[in-house]
1. For region 34-50, in order, what is each residue's ³J(HN,Hα) by Karplus, 6.51 cos²θ - 1.76 cosθ + 1.60 with θ = phi - 60°, in whole Hz (x at glycine and Pro)?
2. For a quick check: sort Trp60, Trp38 by the number of other beta carbons within 10 angstrom, fewest at the front.
3. Give the residue from Val50, Trp38, Ala8 lying farthest towards the positive end of the charge dipole for region 2-53; charges sit on Cβ (+1 for Lys and Arg, -1 for Asp and Glu) and the dipole is referred to the Cα centre.
4. Can you sort His61, His67 from fewest to most other Cβ atoms within 10 Å of each residue's own Cβ?
5. Please give the contour-minus-distance gain from Ser63 to Met1: 0.36 nm per residue of separation, less the Cα-Cα distance, rounded to one decimal in nm.
6. Which value in nm describes the separation of the simple spin-label points at Thr56 and Thr35, placed 7 Å from the Cα toward the beta carbon?
7. Please list, ordered by chain and number, the residues whose modelled amide H lies under 5 Å from the amide H of Thr56; skip anything fewer than 5 residues away on the same chain.
Amino acid sequence: MIYRAAAALPYEDRSRALPGLRGQLRIMAVAAGTTPDWTTLTVAGPDERVGAQSPTRFEWHASVVVHGGTRSFRLPDLVPCPSADADDCRTAPLPAVR
């Protein structure tokens, strides 16, 4: 699996852009329970973007291959789904606060 990250930064220095891109990729990998293979890291940019924002922004893109983890981020239901014949209202009113 390959993870990708992007950033629009106010500088075109690769050495300044790299820590932020690696940080984004690391956060995604940790969240998914995967391990980045940093030997596969590729960085593209900068692509200069002139617009309403000043100073000029430089777009950077990075990708890395990750290993491990699962394909699905879906967690199991904590409470089983009610059966089709269950009451619609399964709650009780809270006691009045005085």
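Derivation of every value follows stated rules applied to the coordinates shown; laboratory data play no part. Since this is a predicted model, take the numbers as computed values, not measurements. Neighbour counts are summed over all protein chains in view; Cβ atoms, including those assigned to glycine, are modelled from backbone coordinates with ideal geometry.
1. Along region 34-50, the couplings run 10, 10, x, 9, 5, 5, 9, 4, 10, 10, 10, x, x, 9, 6, 10, 9 Hz.
2. Trp38, Trp60
3. The listed residue farthest towards the positive side: Trp38.
4. His67, His61
5. Gain in length upon complete extension: 21.3 nm.
6. 4.2
7. Under 5 Å from the amide H of Thr56: no residue qualifies.
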